[in-house]
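Worksheet: one structure, shown below.
The values are calculated or read from the model by the stated rules, or taken from the named source; none is laboratory data. Just so it is clear, the structure is predicted and the values come from calculations on it, not from any experiment. Cβ placement follows ideal geometry from the backbone for every residue including glycine, while neighbour counts extend to all protein chains displayed. Areas reflect the complete protein model, heavy atoms only, side chains present, ligands, DNA and RNA absent. Shrake-Rupley method; radii C 1.70, N 1.55, O 1.52, S 1.80 Å.
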Amino acid sequence: KRRAGVWQCYAPGQGEAEAAEEAEEDDLAPTKVEGLSELTSRPASLLPLDEASPTPPTAVLGGFNMHRTKGIDPAGDTDNKLRALGKKGGRVLDVCTGLGYTACAAARRAGVREVVTIELDPAMVELQRANPWSRQLFDDPKITRLLGDATEVLPALPEGYFDAAVHDPPANAMSGELYSLEVYR
C-alpha cells in the first residue's frame with residue numbers, strides 16, 4: 001500500500017517494482033527519507049504534506065521548509081513561480097534546484113528547449129533520487145543538472161544564454177550569499 005509524500009521504502013537506485021516486491025516479501029514499513037548534509041552539516045528530509053492525496057512532498061533543510069505550504073502545496077507554489085515568467089520559452093535557468101519541481105515543470109512548458117538547474121548540496125540530490133516527483137530531473141534530456149555553489153557556477157555560464165531565470169534560494173538565514181547583488185547581475 002502506498003502513502004502520499006514520504007511513503008518511500010526504496011533503497012537509493014532501486015526501481016519501484018523491485019522495491020514494492022521486496023517490501024511485500026519482507027513486510028517492510030515505509031521509512032522516513034532523511035539524512036545529514038556533509039556539506040552544510042544540516043539535517044535534510046522529505047516532508048509529506050497530505051497523506052490522503054498524492055501531493056508532492058516538500059524538503060526540510062536545517063529546519064526550514066523549502067516550499068511555501070500555508071494554503072498551497074509544492075505543485076501550486078511551482079506553478080506560481082513559472083506563471084511569473086509569462087510565456088517565455090527557449091532556455092531557462094533554475095538557480096537552487098531543491099527537489100527539482102521548478103526545473104521539471106519548466107521543461108514541460110511549450111517552447112522550452114533547455115533547462116539548466118544548479119544545486120549546491122549532494123544531500124538534496126539524494127532527496128531528489130528518493131522522491132518520485134523528482135524523477136524527471138534524471139530522465140528528461142532537456143534538463144541539465146549542475147552540482148556546485150551558484151555563486152561560483154553563475155559567473156561561469158555564458159552571458160545572455162538564458163531567456164528566463166528562476167531564482168528560489170533557501171531562507172536568507174541559511175544562504176545569505178544567494179541574496180547578494182553579485183548573484184543578481
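General observations
- Set of lysines near residue 32 by C-alpha distance (under 16 Å), chain-local residues within fewer than 8 positions excluded: 1
- Normalised per residue, the accessible area of segment 81-146 is 43 Å², obtained with a 1.4 Å probe and no contribution from ligands, DNA or RNA.
- Net charge, residue 60 excluded, C-beta distance under 10 Å - Lys, Arg +1, Asp, Glu -1: 0
- Annotation: amide H-H contacts under 5 Å for residue 164 (H modelled 1.01 Å from N, sequence separation of 5 or more, or interchain): 91, 93.
- The residues neighbouring residue 35, those whose beta-carbon lies less than 12 Å from its own, together hold a net charge of -1 under the Lys/Arg +1, Asp/Glu -1 convention.
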